[in-house]
């Protein structure tokens, strides 16, 4: 075997190897080391590595959400709820207490303090739990927003995903995850908060009444008798003030203790049920929009019937319409296509020069220096031409396809409409239409 | 193109493949006779495009040695000559070409090194291999003959200055004793 044959074989083998490696690079490999395209492939193909990456990211996010979001709820929500309850207690307690005291005397066994607690528990409890749930509903979004944003962003930034995607991509995926998880957590908390707070609020009211009623009542009676007579309203006011303080404290503490648990459970539930899906769909959506799914222009793909009835000599009608439409297409569509094409070719060449020229020059110079040991102007020019020609061909073809589609879409509908209207008018004048229907498809064949 | 360069390129392609897939590249089927052999230039272009694309992938950057490089060098001015030292680890004298044209020196060659894809598992691959090339503008005119010596990873090129600028200095004699003829 002579040297020339050996070298030819070597070149051919090298070429095949390059093609295989290029294919692997374009697909992104089977490891997690790919670029965006590679990641997309792994994702779409259900690759084990990508699944592990999602799983790991899910775990990290779950842990971070559990820790930081619960903390935020405790910090930012409990005090607001407490404040709102103060207003409700002030507004409601006087009236509820009067009813409770009245009911407590009606049992026939003297004054029943336990009965006061039970009545307040039911009446005031309902108002307080409703108010607490409303406050949580109003403020949970705000409490979650900031902390969730920071948590998701930092978790993403430290994840393996950040190594494979650019910062912008990671940010936008994180934004989608943040938004959807925020909605999921919020709706779960809104839904469950009242139910989960009910027992706490009621228990704490009864506890406060039990502990403080007797002492408060004695103080209230003593104050009411101070003026020489007994003023029942005055008793209720003092009692309401003292009990109100106790109820506010007990219920506030109860909510403060209970709220983190409620938030934690809901966050965990949302994480368990939604996070994986949210993460997966956010990445897939981003890849779809960022990956540029180039659809071809669907020329003539959806012609629908307009409901115009044709009848009579359908063969003649078909021929006549075909001729008219053909003529109009030749005149109007062709000239529109010509204009659009000229513009498209110019734009696409500019685009290629702008996007690719620097890279092509860099690659060509690198090629010459590294593989040919010097710069040969002719060879460099040839290499640049080689690198640009494919891109130019692709872009121009794409531009032409787009613009032809555009021109055809714009013009064709109008051309056909006019041709049909004219033909219908002519048919009506000559009485050749009878109202039977025919499809556009057959006319345009 | 030299067969050794082709082999290095092939080895590099295999290394890229392995870094991307974790597997060795399957040996291709024997090429069909009817299949036209692409030109060397075409294959070289495809190779460079592959290398450029692969360098965007972190795994490849970390685990596949850079292919082709510009070695670091020093140019030292003695009265009677210039000494150019080029750092290329593991280089052999036979793998270096030195050309001197006017006031420009071109140092080129190929560093083979160990095969990147030959069963080795690189966790980090930073030492470049493959062809290297440097063009050095010289501070003065030199004689066409260059004396080249390779020692401990340094290519040492002694270039005698053209007569008009030569100034005798005792230390020059000692220096010239060290360099070997090409």
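Restricting A:191, A:163 to residues that are more than 30 Å from residue A:252 (Cα to Cα), modelled with pLDDT under 80 and in a helix (DSSP H, G or I) narrows the list to A:163. Restricting attention to segment B:123-135, the residues that are touching a strand residue (DSSP E or B) at 6+ places or on another chain (Cβ under 8 Å) and either outside any strand (DSSP E or B) or buried (at least 17 other Cβ atoms within 10 Å of the Cβ) (or both) add up to 7.
Within segment A:64-85, not a single residue is farther than 30 Å from residue A:192 by Cβ and either over 47 Å from the mean Cα position of the chain (by Cα) or assigned to a helix (DSSP H, G or I) (or both). If you check A:38, A:4, A:34 for being modelled with pLDDT under 65, assigned to a helix (DSSP H, G or I), within 14 Å of chain B (Cβ to nearest Cβ) and touching a helix residue (DSSP H, G or I) at 6+ places or on another chain (Cβ under 8 Å), only one passes: A:38. Picking from residues in segment A:358-371 that are in contact with a helix residue (DSSP H, G or I) (Cβ under 7 Å, 6 or more places away or on another chain) and surrounded by fewer than 19 Cβ atoms within 10 Å (Cβ to Cβ), the one that is nearest to the other protein chains (Cβ to nearest Cβ) is A:366. Determine whether segment A:9-23 contains at least one residue that is over 20 Å from residue B:56 (Cα atoms), in a helix (DSSP H, G or I) and modelled with pLDDT under 75. Within segment A:9-23, none of the residues are over 20 Å from residue B:56 (Cα atoms), in a helix (DSSP H, G or I) and modelled with pLDDT under 75. Does residue A:351 count as surrounded by 12 or more Cβ atoms within 10 Å (Cβ to Cβ), assigned to a helix (DSSP H, G or I), assigned by TED's automatic domain parsing to the domain that holds residue A:382 and modelled with pLDDT of 70 or more? Criteria met by residue A:351.
From the list A:100, A:50, A:73, the one residue that fits, being at pLDDT below 75, more than 14 Å from chain B (Cβ to nearest Cβ) and more than 28 Å from residue A:142 (Cα to Cα), is A:50.
The values are calculated or read from the model by the stated rules, or taken from the named source; none is laboratory data. None of these values were measured; they are calculated from a predicted model. Quick reminder, even Gly has a Cβ in these numbers, built from the backbone with ideal geometry, and neighbours come from all protein chains shown.
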